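Each reported figure results from applying straightforward, stated rules to the coordinates on display, with no laboratory input. What you see is a predicted model; the values in this text were computed from it and never measured. Neighbour counts are summed over all protein chains in view; Cβ atoms, including those assigned to glycine, are modelled from backbone coordinates with ideal geometry.
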Amino acid sequence: MNKQVRDHLPDVLRGLALLGIIMVNAPYVALDSSSGFFAGGWQDPFDGLVTFIVASIFEGKFYLLFAFLYGYSATYIVRSPELPLTRWRRRSLVLLAFGFAHAVLLFHGDILFLYGLVGLAVAGALKLQTANLGKLIRRTALAVSGYYLVLLVLVYLATFIPEATPTGPDALTLALTQGTYIDAVTVRFFTWIETIAAVVFLQGPLVVVAALVGIASGRVRLLSQEWSPIWTKVTVIGLAVGFPVQIVLSYFTVYGTHIGFSVEFAFVFTLLAMMTAPLMSAGLVGLVKLAVARGFKVGENIGRMSLTGYLSESLLMGVAFSAWGLGLSGASAWVVVLVGVVIWFGLEQFSRFWMSGHSKGPVEALVGVLTRA
């Protein structure tokens with residue numbers, strides 16, 4: 001019998017997703033806690049270009065990829081519909097706890113809490129037979145599409161409401177750029193209380209669909225399959241259609257207010273970009289699969305301990321940008337991106353060192369202890 005070889009693709013995808021996530025998250029620590037790069041006041045036109053690149057390639061794509069991989073990994077935990085869901089539900093509860101702690105202690109834009117909620121919501125899908133799971137995915141995707149269309153109409157109608165006068169930096173931005181660590185923790189707690197519902201209702205439906213697709217894909221070990229015509233179709237459509245759509249929508253999202261649109265109307269394009277992001281995400285998965293087949297393994301190490309990597313990114317962003325750390329807040333957009341890349345690369349190297357002597361990352365090992373039956 002041949003010894004089972006670990007599939008590199010899921011780990012590489014997780015690692016690259018972490019790169020995308022820090023590109024999106026860093027400006028919300030370094031520049032403005034609510035608007036990130038979109039706070040305005042670019043120091044030079046190059047800042048606008050950096051914002052456009054991040055919006056086109058990273059914004060809204062990689063948290064969905066993580067959600068897909070979250071569902072994909074469920075099939076390793078619950079290997080058949082006949083097995084109990086105790087461990088999966090316990091894992092979801094642990095993510096809820098970790099997410100709350102992460103949002104308060106490290107980064108207000110946490111996604112783990114949402115993943116924990118979605119894990120509980122889709123637990124029943126793990127018990128469905130494959131045919132019924134497919135029906136559930138189609139019906140859920142249809143319902144979610146309708147939900148976002150209604151939301152899009154409501155956002156468009158909001159553009160006719162007079163804009164509020166800006167009042168300056170919010171409390172969390174001031175705490176991050178001028179206060180102590182304890183100041184930031186206190187404000188982050190109240191920020192999380194105020195914003196978690198918006199996060200759930202804005203991002204949650206897409207995360208549910210991505211997780212369900214991940215569950216279905218995990219059952220057939222889609223990422224481990226040989227290249228086939230369906231992979232070619234997904235990759236070509238995802239990149240040839242999805243990428244240009246993201247470029248156009250990101251242009252209006254980033255430069256909309258500079259060419260006369262209201263902030264609310266520019267948000268219409270943000271919502272459209274979020275709704276169409278899964279298309280490009282799928283194309284990126286196909287592109288990375290081709291690269292991995294040719295020996296590409298960048299990001300694999302941090303991808304093997306992605307939860308540790310995700311939390312470590314937030315910790316190091318705080319150290320780099322907050323007043324209680326190196327105080328690099330307010331830097332140019334390109335500096336923020338460069339610091340994010342350096343953090344990610346450093347964590348990739350640390351992960352290489354750690355995984356050379358361990359089978360799991362430190363946080364993953366803790367989760368294993370907490371979820372063990």
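Entry note, the chain: the mean residue ellipticity at 222 nm calculated from DSSP H runs of n ≥ 4, each adding -39500 (n - 2.57), is -24000 deg cm²/dmol after division by the residues and rounding to the nearest 500.
The residues packed around Ser34, meaning those with a beta-carbon under 11 Å from its beta-carbon, carry a net charge of -3 if Lys and Arg are +1 and Asp and Glu are -1. If you count Lys pairs in the stretch 8-371 whose Cα atoms are under 25 Å apart, skipping same-chain pairs closer than 8 places in sequence, the total is 11.
Between helix 306-321 and the chain there is an angle of about 20 degrees, using the helix long axis and the longest principal axis of the Cα atoms. Rounded to the nearest 10 degrees, the angle from helix 362-371 to the longest Cα principal axis of the chain is 60 degrees.
Using the alpha carbons alone, the radius of gyration of the stretch 270-373 stands to its Kirkwood radius in an Rg to Rh ratio of 1.04.
Applying 1/(1 + (r/R0)^6) with r as the Cβ-Cβ distance of Glu226 and Ile182 and R0 = 56 angstrom yields a FRET efficiency of 0.55. Distance distribution P(r), the stretch 81-240, all Cα-Cα pairs, bin width 5 angstrom from 0: 1, 7, 12, 13, 15, 14, 13, 10, 7, 5, 2, 0 percent.
Computed from the Kirkwood radius of its Cα pairs, the Stokes-Einstein diffusion coefficient for the chain at 20 °C and 1.002 mPa s stands at 100 µm²/s.
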